[in-house]
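Single-structure report; data block below.
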Amino acid sequence: MMWALIKKRLPKQIVDILVEKADLSELLAYASFGIPRAFLNSISAILDEECNITNLTRKSAFQAISESSEAQRGTFKSLARKLPRYEEFINLGEHLLDQSVSALRAYNRGIIPPKDKATEIAIEDTTTATFDRVLQLLQYAGIIREAGTVSRGEKGRFCRYSIHSAILIHHTAFALGRSFAVRDVVNIFKLRNPHAFVRRRETSLVSPDRVARCRLQLPGCKQCGAERLNDLQRFCANCGAELTTVSVYKELLGAKIEELPITSAKKEGIAQHTTLRTIQDILSDEDGSLRNVPRIGIVWQSRIKNAAEEFVSV
Ligand SMILES: [Zn+2]
């Protein structure tokens, strides 16, 4: 699937080199975690000024993978800046990611053929609501992906997650040592043994103390205004109305325009000359009221819209 798209999107001389250096291009394809855009990004990271890919070497390929890993983690971290009240959850998510990668590295150490190296972590189905929220945030940011469930009899039911392949490669989760063949990395993904994964409980990945420290301040009841007793409460303790759960996407949409990375003069202009107040207002501004602001023309209008789109897409 990835190849069909690549052949359509890239010039023939680049495709020829990718075909010729099959090990490296397969490596980049697997490192993009099934996301064609990520593959195209790593290809363009390797292109030189004349848009040639003659520089595709083992070194440049692993460099592109490291950059992609850092970018992915950076996007996740940026959620904490955009939604400060999720900060503790994001920190816990980063910690969970590091713990999972370490668990995989420990499992993969030793003489194991590439096909039997684990790329997935299976977490027991008894997780707390806070931990679930952290898993959701990691999924939302494209760091992990659900990969089915597995039942282990008395040991309980586990939910399997694959972790972004560029992150796994960059953080040496496969414990391949210093000198390994590129083909070995490719084969880990290509010949993947579906029974190879690491099983863990929530408490063996993160300490209950850290989980307990995560608190989310949610808005009060819409009916009567009573405050929530905790962030897991589903019904109002005062009037019994159902409390709305908030998705990260909705929260990003509801964020104030002040959060956008544009000049404060532009922000003040928008506040004075329009009724737009939130990111969502900007995205759904069909009648172009941004243009009513002095010094916002077509160029700035599309820049501001792009900034808003980038803000909600993590
Ligand atoms: Zn109420």
FRET efficiency for residue 152 and residue 58, using Cβ-Cβ distance with R0 set to 45 Å, rounded to 0.05: 0.70
Computed magnitude of the charge dipole of region 170-314 (debye, nearest 20; Cβ of K, R +1, Cβ of D, E -1): 720 debye
Full-extension gain in nm, residue 125 to residue 190, via 0.36 nm per residue minus C-alpha separation: 20.6 nm
Euclidean distance between Cα centres, region 80-108 to region 176-236, Å: 7 Å
Two-site FRET efficiency, residue 182 against residue 246, from Cβ-Cβ distance with R₀ of 41 Å, rounded to 0.05: 0.40
From phi via Karplus (6.51, -1.76, 1.60), per-residue ³J(HN,Hα) for region 196-208 in Hz, x at Gly/Pro: 8, 7, 9, 9, 8, 9, 3, 5, 8, 9, 9, 7, x
Whole-percent carbon and sulfur share, accessible surface of region 1-147, 1.4 Å: 52 percent
Near-label residues of region 138-176 by backbone N, under 11 Å of a point 7 Å along Cα→Cβ of residue 203: none
Surface share of carbon and sulfur [accessible, 1.4 angstrom probe, percent] for region 237-285: 48 percent
Cysteines having no other Cys beta carbon under 4.7 Å from their own, within the chain: 51, 159, 214
Å² per residue, accessible surface of region 184-252 at 1.4 Å: 64 Å²
Antiparallel %, DSSP beta bridges [both residues in the chain], to 5: 75 percent
Trypsin sites (Lys or Arg not before Pro) within region 129-182: DSSP coil, no more than 12 neighbouring Cβ in 10 Å: 152, 178
Solvent-accessible area per residue, Å², over region 1-97 with all protein chains present [probe radius 1.4 Å]: 52 Å²
Residue-averaged [θ]222 nm for the chain, counting only DSSP H segments that reach four residues, each worth -39500 (n - 2.57): -15000 deg cm²/dmol
Summed residue charge, Cβ within 13 Å of residue 186's Cβ, Lys/Arg positive, Asp/Glu negative: +4
Region 124-150 and region 47-64: distance between their alpha carbon centers, rounded to Å: 35 Å
Label-point separation, residue 292 to residue 175 (7 Å along Cα→Cβ), nm: 6.4 nm
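The values are calculated or read from the model by the stated rules, or taken from the named source; none is laboratory data. Predicted model, so just to flag it, every value in this text is computed and none were measured. Every residue, glycine among them, receives a Cβ derived from its backbone with ideal geometry; neighbour counts consider all protein chains shown. Just the protein is used for accessible areas: all its heavy atoms, side chains included, with ligands, DNA and RNA removed. Shrake-Rupley method; radii C 1.70, N 1.55, O 1.52, S 1.80 Å.
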